[in-house]
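Chemist: Structure incoming, see below.
The values are calculated or read from the model by the stated rules, or taken from the named source; none is laboratory data. Since the structure is predicted, the reported quantities are computational estimates derived from the model, not experimental observations. Here the Cβ positions follow ideal geometry from the backbone for every residue, glycine too, while neighbour counts run over all protein chains shown. The area values use the complete protein model at the heavy-atom level, side chains included, leaving out ligands, DNA and RNA. Shrake-Rupley method; radii C 1.70, N 1.55, O 1.52, S 1.80 Å.
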Amino acid sequence: QLSVVIATTHPWPKSEECLDIVLPQLAAINGEVLLADSSGAGLPEPVPDHLKSVRWIKAPGASVFHLRAIGTSAAKGQIVAWTEDHCRPAPDWCERIVEAHRAHPELAAIGGSVANASTTSNSDWANFLITFGPFIAPIDFAKTDRVPPPANISFKRSAIPQGELRAGEIEFELKPRLQQDKTIGVDDRIVVHHEQSRSFLESTLAHFHNGRSTSGLIAAQLSPESRRERLNHCFRLPRAIVRNVTEPLAGKASVEDALRKAMPVIRFFAVCHAAGEFWGLAFRSAGSSPIRLE
C-alpha cells in the first residue's frame, strides 16, 4: 500500500530513530521503506536483522533532491510518502496517510502537519517557522500559497511521472503544478516532529543554499521572460516569505511568543533565501548548493 522514502546525507545512526518508528508501522500494513543514502554509510554493516527490510539505495555524493528522486522512482507502493532522517513521525503516521488517501481519491498529494522538536534558541525557532510555519496544526491551507514540505507529504503513484525522475522535479515542478490544479490537500492529523538545531551561521548558509537550489535547479528550463519575472520577484520575495509565515500563524497562541522573539531572525533568513534564488537565476545554476542541504 505504502512506500516511505527517506533521504539521508549522513552516516548511521542519523536515521535510526526515524526508522525505528516507521518500520513497525509499515510491517503492519505490508509497506516498505527506502533509505536513499549519499554517505554510503546510512546503515550499519553488517545490516542487523531488524533493518534488513530497509531497501538501502546508495548514491555517493548525491543531493537530497537527487536522493528523493531516486527513492521515489524505485518505490513500489500505491502511495509514496516522504519524510526526513531528522524527523520523528507520530505512531499512527503511516495509518493516517493511507486513510487520508482512501478518503480523498480526488487528491494527488496530501501534506500533514509538522511540530517543532528543536526549541532551544530563537535561531532554531526561526529556522522552523520560516520553513514549516504554515503547516503547524491546525492548518488553514487557504492562508498560504506554500506547498507541503518534504518532511511530511505523500503522493498517489498515479500522480508521479513515469521513469527516472530528475533532481528537484517533484519539489519544483510537480508540487507547484498540483497546487495550481488544486489536487494537493492537507490533513493535520498526519504528524511528524522535526528535530534540527543549527548554529546561526549554519542556518544562514542553509537558507541561501535552499534558495539557490530552488531557482537554480529549474533555471535552465525557464523562458527568458519567466526568468526575468522571477529575478524581479526576488526583490519582493523577503516580504512575501515573512507574510507566508505570519499570516497562517495568526491566532495560534502556541507559537505566538516564539514567533515574536524569532521575527528579526526570520526576516534575515528570508533575505538570505531571496539572495540565493537571485543567484541561481542570474547564473542559471544551483552550483554546489543542493549537496549542502540535508
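Chemist: Please work out which one of (1) buried (at least 23 other Cβ atoms within 10 Å of the Cβ); (2) farther than 15 Å from Ala151 by Cβ; (3) of a type outside the set (A, V, I, L, M) is the condition Gln78 fails and give its number.
Modeler: Single failed check for Gln78: (1).
Chemist: When you check Phe200 against the structure, is it touching a residue at least 24 places away in the same chain (Cβ under 8 Å) and open to solvent by 80 Å² or more (accessible area, probe 1.4 Å), yes or no?
Modeler: Taking the combined requirement at face value, the residue satisfies it.
Chemist: Can you tell me which residue among Pro60, Pro91 is under 17 Å from Asn152 (Cβ atoms), part of a loop (DSSP other than H, G, I, E, B) and open to solvent by 60 Å² or more (accessible area, probe 1.4 Å)? Give the derivation first.
Modeler: On the way: Pro60 fails: under 17 Å from Asn152 (Cβ atoms).
Going through Pro60, Pro91 in turn, the sole match is Pro91.
Chemist: On to the next question. Test of understanding: among Glu229, Glu202, which residue is over 26 Å from Cys87 (Cα atoms) and not in a strand (DSSP E or B)?
Modeler: Being over 26 Å from Cys87 (Cα atoms) and not in a strand (DSSP E or B) holds for just one of Glu229, Glu202, which is Glu229.
Chemist: Report yes if some residue within the stretch 266-278 is in a helix (DSSP H, G or I), open to solvent by less than 90 Å² (accessible area, probe 1.4 Å) and free of Cβ contacts under 8 Å to residues at least 12 places away in the same chain; otherwise report no.
Modeler: Within the stretch 266-278 (the criterion being in a helix (DSSP H, G or I), open to solvent by less than 90 Å² (accessible area, probe 1.4 Å) and free of Cβ contacts under 8 Å to residues at least 12 places away in the same chain), the answer is no, since none of the residues qualifies.
Chemist: Out of Thr72, Thr83, report the one residue that is under 26 Å from Asp181 (Cα atoms), hydroxyl-bearing (Ser, Thr, Tyr) and part of a helix (DSSP H, G or I). Full working, then the answer.
Modeler: Values: Thr83 fails: part of a helix (DSSP H, G or I).
When all the criteria are applied, what remains is Thr72.
Chemist: Filter the stretch 165-193 for residues that are of a type in the set (Lys, Arg) and touching a residue at least 24 places away in the same chain (Cβ under 8 Å); which is surrounded by the most Cβ atoms within 10 Å (Cβ to Cβ)?
Modeler: By that ranking, first place goes to Lys175.
Chemist: Which residues, taken from the stretch 203-231, are of a type in the set (Gly, Ala, Ser) and either surrounded by fewer than 18 Cβ atoms within 10 Å (Cβ to Cβ) or under 21 Å from Pro134 (Cβ atoms) (or both)? Steps first, please.
Modeler: The initial filter retains those residues of the stretch 203-231 that are of a type in the set (Gly, Ala, Ser), namely 203, 206, 211, 213, 215-216, 219-220, 223, 226.
If the condition is that a residue be of a type in the set (Gly, Ala, Ser) and either surrounded by fewer than 18 Cβ atoms within 10 Å (Cβ to Cβ) or under 21 Å from Pro134 (Cβ atoms) (or both), then Ser203, Ala206, Gly211, Ser213, Ser215, Ala220, Ser223, Ser226 are the ones that fit.
Chemist: Among (1) within 23 Å of Lys76 (Cβ to Cβ); (2) open to solvent by 10 Å² or more (accessible area, probe 1.4 Å); (3) in a helix (DSSP H, G or I), there is one condition Gln162 misses while meeting the rest; what is its number?
Modeler: All conditions pass for Gln162, except number (3).
Chemist: Also, I was wondering about something else. What are the residues in the stretch 232-242 that are buried (at least 16 other Cβ atoms within 10 Å of the Cβ) and out of contact with any Phe, Trp or Tyr (no Cβ under 6 Å at 6 or more places or on another chain), if any? Working first, answer last.
Modeler: Applying the first criterion (buried (at least 16 other Cβ atoms within 10 Å of the Cβ)) to the stretch 232-242 yields 234, 237-238, 241-242.
The answer is Leu237, Pro238, Ile241, Val242.
Chemist: Oh, and also: When only residues in the stretch 243-254 that are of a type in the set (A, V, I, L, M) and crowded, with 18+ Cβ neighbours inside 10 Å count, which is farthest from Ala220 (Cα to Cα)?
Modeler: Filtering first and then ranking leaves Leu249.
Chemist: Can I ask one more? Somewhere in the stretch 43-51, is a residue in contact (Cβ under 8 Å) with a residue 60 or more places away in the chain, part of a loop (DSSP other than H, G, I, E, B) and of a type in the set (D, E, K, R)?
Modeler: So far as the stretch 43-51 goes, no, none of its residues is in contact (Cβ under 8 Å) with a residue 60 or more places away in the chain, part of a loop (DSSP other than H, G, I, E, B) and of a type in the set (D, E, K, R).
Yes/no matrix, rows are residues, columns are (1) in contact with a helix residue (DSSP H, G or I) (Cβ under 6 Å, 6 or more places away or on another chain); (2) of a type in the set (Phe, Trp, Tyr); (3) over 23 Å from His194 (Cα atoms); (4) at pLDDT 95 or above:
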| position | (1), (2), (3), (4) |
| --- | --- |
| Glu45 | no, no, yes, yes |
| Asp49 | no, no, yes, yes |
| Lys58 | no, no, yes, yes |
| Trp82 | no, yes, no, yes |
| His86 | no, no, no, yes |
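Chemist: Do we find that Ile110 is aliphatic (A, V, I, L, M), open to solvent by 10 Å² or more (accessible area, probe 1.4 Å), touching a helix residue (DSSP H, G or I) at 6+ places or on another chain (Cβ under 7 Å) and at pLDDT 95 or above in this structure?
Modeler: No: the conditions fail for Ile110.
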